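Contents: one structure, followed by commentary.
Bear in mind that the values in this text are calculations on the coordinates, not laboratory data. In this text the structure is predicted, and so the values were computed from the model without any measurement. Cβ atoms come from the backbone with ideal geometry, glycine included; neighbour counts cover every protein chain shown.
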Amino acid sequence: MVLEDVFSKSKHGSRRRSKPGYESGDDNGGLDARLASPIDRLAANVAELALLLPLIGLVTSPVRLRRSEALVLGDEAAAQYALVSEIGLIALTLILYHTVFVALYGGTPGKLALRLRVVSLWENKKPRPIEAFLRALVWTIELACLGIPFCAVFSNYKRRPFHDRIADTAVIAIPRSRQAGLSSLAEMSIASGFQSAVLAMLTLLASTYYADMQIHHESTPETASSAKADSRMCAEVREAIQEAPNGAAKNSERLPAALALFAASAISPECLDAEADFALWRDGDKATAYLAKAFAIRVRDDERIEEYLDKVCSTGSPSEPPCKAARLAKAARAVTEPDPIDAKVSDASKDAESDSIVSSLDANAPAYLKLAAIRRALTEGRFELALRWIDSFKGPRKAGAYVVKARVQALWALGNRVDARVIARTGTDLADASAKVELATWLCRAESEQDACGPFAQRACGDVASIVDRSESWLARSEVVSAYIKSQSCATDQDPSTKWRDLKKRIPSERGQQFLEALALLSEGKSAQGASLLERIASGEPDAYALDAGLSLAGLAETAANLAKARAIWLKLGIEESIWRPLGHGLLAKALKLSAWDEALTIGLKLSRQGSGDRALFEALVIASYRAGKRSLSLGMLDHALRLAPERKAAEVSRRSPASSAEFDSVARALGRSR
Amino acid sequence: MIFPILKGIVSPFEAPITFLLFAINLMVFIVTCDDGMMSDNRINAIRSESGFSATQGAAFADMIAREPGEFSPILLKLAANARQGETEARDSLSRLSHGNARFMATAAGYRFEGDEVAIALWRERFKELQEINDKNPSYHWGISHLKDGWMQYVSYQFAHGGFGHLFYNMLFLVLFGAFLETSLGGSFVILTYLISGLCGAILFSKTTGVTGAPLVGASAGVSGLMALASIAWIRKEKVHFFYYLLPFEGYFGIVALPSWLLLYPSFLGDVAGALGSSSELGRGVAFTAHIGGTLAGAAVAILYLAGVLQKDFDDAEGGDGDAQEPADEASSDDDLRKTG
């Protein structure tokens, strides 16, 4: 087949007067016999693209520019409007194109090239303009329906899709060899079936999509909202500003509020980074902004942290809060020394500087600085001081959740467990469901460390179980599962392995399921298999499962060699994070119990380098180093332990080795010192 | 699909000027390919560093805010959004800054007011980026803020940004160049190619302005050749196209169609592209350069039709290049039928 050149002028005059195919005396038979083949019609539309596509591109170009500008500016509404306009222009172009060519020439250039013609059904000549317009309009609508209605060239007896039927037209072929005639029964059957199948499939897809959307909307879990920064900085910061007593949202208040929220772990580092950038590039408070940058990039880039902290004091005044906070932060970045005694000496000078900074803070100190003071006091075991700061704290509401938790921890460590329990259970200041759950799980763990099956532990862990019963979506969080397990541990109404395996079915995460399987194996006496699974869990992602697995391994260890394995896991988890301290102390207690002195010394020294060493820890180190034959180290530790103020206790050090009290006195006498 | 085949790929001996231009383009590409790839890889690595990218975006926003008269409304809006804290706007500005000549030319010494630690690090990287650009062949041969002398207005036509870019330009150069050379002579080809390239670059600089990203490619010259072929043959007979409508016998083959169809899609496409995109928003194709080349080629064609420019050789020698007037349509169909 060769395309006809539709653009060549007839030698006898204007093309418009010639109507090939319409001539009288055309004895090609009736219209039915001259119907064009569907393949030719398709080929004509393909040929059309060479003319249509550049034209459509030109017509829609201004709208496309507007759309790309809207997309770059993030104006989704304008972009969607432009897209709709673009689609509208394309439709308009197609309609005009078809209308003009069919009305003037009896066919579009593609059809003319393939020697096809659009004829009026009753008059056997080219359609009138109104018919051409209707035909073009419906053709465009059919195209928008993915072209499925075009299948009517097969399914309709006279090969007339809806656009032909509505305009009372048909498409014929001029050359006799290209005429296809009426549709056969087979064609009509297959095409009708295909159209029905496509319609059914589209209906099914649409309903499935709709159902998915409904399910997704209903089952969105009530999980903690992560502090996700929107593109215009953080919603949490904006809310905090609006809640402020003066009621007006001021840009100058954003950064201190963001720092306070970050100190309370209520916003992400990315959010704080965005706030800091806003202040830095908009002539805001540069000193506070550099401080914020130092904290924001903390997890990403250690090298630049010192540069930012230096900038804080060089940009602002040394007596202003940002510089004080920077000096506190620098002091907290303890350098690990191989000799713990030297480390303690250098820590002492850092401690003195930190103490002087904290003691210089008054009631007007910004919230973030008070939160830093609270955090430091808790870490160092100065719980009365922490409570004083907590009582005077005024800051964003979302930071209040951290303050409540800090109060509970301080009261607990001071032995005021009644008040701690009341505050933890009611959590009246906590509007955030996630913060409430976090506090409940903390209390459950703290109570369990004291007496796992005691009434308080059961009540605290039972609160967590109630939360889970209200919404199982909380079981996606490892710390909640850990607390839930504790709530079930002491129940004896069910076989343990069955209990753990039943619970396993409700846990969505694979690690949780593995942990429960390990518990089931241990309860069945399969210690080796259980321990192997626990090692795998503890070596994986650092979460509550890893912590519990590590503690379980520590508890299972019968020899120093087994304990060393558990220690290796603890080190891999990252001892710098305070959440792993319970594991460290658990390992230390077990090492002392097994009289594995070298192991106890290694673990204890690592714990002490975290800067929170209390007297109980150093007393344990005195014993371990002495028994390991390291007399000089033991003496240094003893002097340090005796210097430490008695109230510096760390909350997580709950129990000493049963023999340590008398043993410490005995070692101290041997070293020539007394308590 | 309809694709011009004209005379197809002829022997280099029949179209030596065309193949000389092809060889120069190919040689430049081969010689600069390695350096270009290494530079591009290192440039992409620097640009993708998040700290560098974020700071560059913030710096660009800072510059726009300080010199609002030097930038377009869209950039002003983007900068305002970025300075309100929109990270997406900042990232967009970072991407667009590389194509902005003013920023790329002045940023190294500009005094930005912002995160001084990040700016110091950014300056190191930016300096490295500029050193790489200095050695990048595209910046050496092409027209950009680094170099936009008269030499570059000629040399840019022989440099290409990648193999795909080279392939399509050379395909059309050989098709149209050989067609024109065998019909009108080699001087038409080289004259049109160079003048079109020059005019394309001038129109590009006048409308878009010199950009941070270099202008390279033979597209303007090739557009000129297409315009010349299209318009000069408008009164002559048809030219050959290959068509492919459907993968069935009878629906693909070769057809003779009027020459204006050579220009229709490409010119309309270039105008649509020029109107529908903006170089400030990272448009990768220099549509205005194509349009400039097309206009220059059209001017040469008009001069030829007016008799001002004559062919290299007379009609007796140039027979093959002109399709014959068909005696009737049927016989021309027989001559042209290749398949179906």
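Absence of a disulfide-compatible partner, taken as no other cysteine beta carbon within less than 4.7 angstrom, is noted in the protein assembly as shown for A:CYS145, A:CYS151, B:CYS33, B:CYS199. With both labels modelled 7 Å from their Cα along Cα-to-Cβ, the A:SER207 to B:TYR264 distance reads 4.7 nm. Helix B:73-83 and the long axis of chain B differ in direction by around 30°, with both axes built from C-alpha atoms.
Among the chymotrypsin sites (Phe, Trp or Tyr not before Pro) found in segment B:10-104, those both in a DSSP coil and sparsely packed, with 10 or fewer other Cβ atoms within 10 Å of their Cβ, are B:PHE13. Shielding value for A:104-114 is 1, the average number of Cβ atoms from other chains within 10 Å of each residue's Cβ.
For the pair segment B:1-72 and segment B:238-312, the centres of their Cα atoms are 22 angstrom apart. For the residue pairs A:LYS572/A:LYS630; A:LYS324/A:LYS565; A:LYS126/B:LYS238; B:LYS77/B:LYS127, alpha carbon separations beyond 31 Å are given by A:LYS324/A:LYS565.
Measuring nothing but how far apart in sequence close Cα pairs (under 8 Å, 6+ apart) lie, relative to its length, segment B:31-165 scores a relative contact order of 26 percent. A Förster radius of 60 Å combined with the Cβ-Cβ distance from A:GLU541 to A:SER85 puts the calculated FRET efficiency at roughly 0.75. Which whole-number percent gives the relative contact order of chain B, counting Cα pairs below 8 Å spaced six or more residues apart? The normalised contact order for chain B reaches 22 percent.
With 32 Å as the limit, the listed pairs A:LYS330/A:LYS593; A:LYS125/B:LYS236; A:LYS486/A:LYS590; A:LYS286/B:LYS206; A:LYS293/A:LYS405 have A:LYS330/A:LYS593; A:LYS125/B:LYS236; A:LYS286/B:LYS206 beyond it between alpha carbons. Label separation (B:ILE302 vs B:MET27): 3.6 nm, computed from points 7 Å beyond Cα along the C-beta direction. Could you tell me which of rounded, prolate or oblate describes segment A:80-223, using a ≥ b ≥ c as the square roots of the eigenvalues of the alpha-carbon gyration tensor, with rounded for a/c under 1.5 and, failing that, prolate when a/b is larger than b/c and oblate otherwise? Taking the square roots of the gyration eigenvalues as a ≥ b ≥ c, segment A:80-223 is oblate. Modelled label positions at A:LEU31 and A:GLU270, each set 7 Å beyond Cα in the direction of Cβ, lie 6.4 nm from each other. If you average the C-alpha positions of segment A:105-131 and of segment A:519-552 separately, how far apart do those two centres end up, in angstrom? For segment A:105-131 versus segment A:519-552, the Cα centre distance is 80 Å. Among the trypsin sites (Lys or Arg not before Pro) in segment A:67-160, those placed in a DSSP loop whose Cβ has at most 14 other Cβ atoms within 10 Å are A:LYS125.
Annotation for segment A:76-134: GluC sites (Glu not before Pro) lying in DSSP loop with at most 13 further Cβ atoms inside 10 Å of their Cβ are A:GLU123.
Between B:THR211 and B:HIS145, the built amide H atoms are under 5 Å apart, and every one of these is 5 or more places off in sequence or on another chain.
Taking only C-alpha pairs under 8 Å that are 6+ residues apart, what is the relative contact order of segment A:123-205 in percent?
Relative contact order, segment A:123-205: 29 percent.
With a Förster radius of 60 Å applied to the C-beta separation of A:ASP419 and B:LEU76, the computed FRET efficiency comes to 0.55. Straightening the chain between A:SER317 and A:ALA144 buys 55.6 nm, computed as 0.36 nm per residue apart minus the Cα-Cα spacing.
Extension gain, A:THR492 to A:ASP362, is 41.4 nm, computed as 0.36 nm per intervening residue step minus the present C-alpha separation.
Across segment A:475-500, the residues whose backbone nitrogen lies under 11 Å from the label position 7 Å along the beta-carbon direction of A:GLU524 are A:497-498.
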